[in-house]
1. If you take the residues in the stretch 111-140 that are in a strand (DSSP E or B) and farther than 17 Å from E56 by Cα, which one is nearest to the chain's Cα centre (by Cα)?
2. Condition first: touching a residue at least 40 places away in the same chain (Cβ under 8 Å) and among the polar types (S, T, N, Q). Now tell me which residues in the stretch 70-119 satisfy that.
3. Mind checking which residues of the stretch 91-124 are exposed (fewer than 15 other Cβ atoms within 10 Å of the Cβ) and over 18 Å from L12 (Cβ atoms)?
4. What pairs can you find where one residue is in the stretch 47-64 and touching a residue at least 40 places away in the same chain (Cβ under 8 Å), the other is polar (S, T, N, Q) and in a strand (DSSP E or B), and their Cβ atoms are less than 8 Å apart, with a gap of 6+ or different chains?
5. So, in the stretch 27-79, how many residues would count as being assigned to a helix (DSSP H, G or I), surrounded by 13 or more Cβ atoms within 10 Å (Cβ to Cβ) and not aliphatic (A, V, I, L, M)?
6. Which pairs turn up if I take residues in the stretch 137-157 that are more than 14 Å from L112 (Cβ to Cβ) and of a type in the set (A, V, I, L, M) and look for partners that are modelled with pLDDT of 65 or more and exposed (fewer than 14 other Cβ atoms within 10 Å of the Cβ) with beta carbon separation below 9 Å, at least 6 apart in sequence or on another chain?
7. Could you say which residue among G53, G63, G11, G68 is touching a Leu at 6+ places or on another chain (Cβ under 8 Å) and either of a type in the set (D, E) or under 24 Å from Q147 (Cα atoms) (or both)?
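The values are calculated or read from the model by the stated rules, or taken from the named source; none is laboratory data. This structure is a prediction, so every number in the text was calculated from the model and none was measured. Neighbour counts are summed over all protein chains in view; Cβ atoms, including those assigned to glycine, are modelled from backbone coordinates with ideal geometry.
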Amino acid sequence: MSPDPQLQHLGLPPIDQIGFVVRKLDDWVQRFEPVFGPFTFIDGSVQGATFRGKTEDVKLHIGFGRSGDMEIELIEWQGGVSPHSEFIQAGHEGMHHLRYRVDDTDAWIPKLAEVGYTPYWYKRWNSDTVFAYLENPDFPLYLELLQMPEAGAGTPE
């Protein structure tokens, strides 16, 4: 079931990740590891993504945990410009986004626009790997659409 009633009729797949943006990854891992651990870590930096109409780079350190089929992503912003820097610089920390793995990110963007969601961070690595973050002023969390072969689960962002 989708958290936003406007999304329910669109046929999105189940949410497969809850993303948190945190100031100190190690502190959150210590708190969350008993429930979602063990965590794995990557350099989640992204170069050349479109953020609010500009090409930006960002340095991110990311930890991934799990609860059943649900992935828990902890993102520590370390520099650059992205949704994560914007969130931290606005004084926030905590739950940030919900991720949907989709077959075609670009096809979903106009469908979500029909219910008020606008893309604001986007990156295409190749024909198989694309992500977009979308926002809606009437919903408190961002949505992430991720198109990626299953072998790459948890990455690139």
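1. Checked the stretch 111-140; the qualifying residue nearest to the chain's Cα centre (by Cα) is E135.
2. Once the filter is applied, which keeps residues that are touching a residue at least 40 places away in the same chain (Cβ under 8 Å) and among the polar types (S, T, N, Q), the stretch 70-119 yields only T105.
3. If the condition is that a residue be exposed (fewer than 15 other Cβ atoms within 10 Å of the Cβ) and over 18 Å from L12 (Cβ atoms), then G91, H92, E93, G94, M95 are the ones that fit.
4. G48/T55; A49/T55; L60/Q78; F64/T40
5. Qualifying residue count for the region: 4.
6. Note: pairs meeting the criteria are M148/D128.
7. G63
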